[in-house]
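Some notes on the structure that comes next.
The values are calculated or read from the model by the stated rules, or taken from the named source; none is laboratory data. This structure is a prediction, so every number in the text was calculated from the model and none was measured. Neighbour counts are summed over all protein chains in view; Cβ atoms, including those assigned to glycine, are modelled from backbone coordinates with ideal geometry.
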Amino acid sequence: MLVLATNGCNSIPKDALTMSPETIEHRQLQTRRFDGTDEKNILAASAGVLQDLGFNLDESEVELGVIVASKERSAVSAAQVTGAVVAALFGAYTAIDKTQKIRVSLVVRPAGNDISAHDAKDFFVRATFQRIIWNTQGQITKIEAVDDAQIYQEFFDKLSKSLFLTANQI
C-alpha cells in the first residue's frame with residue numbers, strides 16, 4: 001500500500017517566482033531592443049560580432065532564435081602565482097587557476113506579445129555571458145555569470161553598428 005504524506009515543507013513559497021531587484025537589473029544589462037529589422041539579420045549580425053570578438057559558434061538554431069558560442073582563454077592570475085611561489089618556498093604545492101572558458105548564450109525574440117517571429121520587425125536580444133575556470137590540476141574552481149556592464153555594452157554597441165551597416169548596405 002502506498003501512503004502519501006504532505007506537509008508545509010513541501011509547499012512552494014509565495015515569493016519563489018518573484019524576481020529580485022538584482023535579477024531585474026541583470027536582465028536590463030543583458031537585453032536590448034532592436035527595431036526595424038528581422039530575426040535572421042539579427043542572428044547573422046550577432047554571429048559575426050561574436051566571431052569578431054574571438055568566440056567560436058558552438059550551436060545555433062535559427063528557428064528558435066538561439067546562438068551559443070564560447071572561447072578559451074588563460075585564467076592565470078599574478079596574485080595566485082605569487083602565492084603559489086611563496087607556498088612552494090615552504091614546501092607546499094598550491095594549485096592555481098589555469099584556463100577559462102567564456103560562454104555566451106544569445107536569444108532573439110519578437111518585441112510584441114502577439115507577433116510571430118516571421119512577421120515581427122522589432123526584437124529583443126538577450127545575451128548572457130558566463131565563465132568556467134579550471135586550475136592546474138584540471139579541477140573546476142569557479143563557475144560564474146559575467147556581470148560586467150562594459151562587456152555587455154561593448155557587445156551591444158558592436159551589434160548595433162553591424163545592424164546599421166547591414167541595413168544601410170555599407
Worksheet item: Among (1) modelled with pLDDT of 90 or more; (2) of a type in the set (D, E, K, R); (3) more than 28 Å from Q169 (Cβ to Cβ); (4) out of contact with any Phe, Trp or Tyr (no Cβ under 7 Å at 6 or more places or on another chain), which single condition is R73 missing?
Response: (1)
Fill in: Output for the stretch 111-128, where each listed residue is modelled with pLDDT of 65 or more and in contact with a helix residue (DSSP H, G or I) (Cβ under 8 Å, 6 or more places away or on another chain)
A120, F123, V125, R126, A127, T128
Discussion item. So, in the stretch 44-70, exactly how many residues are within 19 Å of Q153 (Cα to Cα) and within 16 Å of the chain's Cα centre (by Cα)?
Written reply: 12
Worksheet item: Are any residues in the stretch 9-39 charged (D, E, K, R) and either surrounded by 13 or more Cβ atoms within 10 Å (Cβ to Cβ) or modelled with pLDDT under 85 (or both), and if so, which ones?
Response: K14, D15, E22, E25, R27, R32, D38, E39
Worksheet item: Hey, among the residues in the stretch 76-97 that are surrounded by 16 or more Cβ atoms within 10 Å (Cβ to Cβ) and in contact with a helix residue (DSSP H, G or I) (Cβ under 8 Å, 6 or more places away or on another chain), which one's modelled with the highest pLDDT?
Response: D97
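Identify, please: which residue in the stretch 132-151 is among the hydrophobic types (A, V, I, L, M, F, W, C) and surrounded by 14 or more Cβ atoms within 10 Å (Cβ to Cβ) and is, among those, nearest to A95 (Cα to Cα)?
Step by step, filter the stretch 132-151, then rank; the result is W134.
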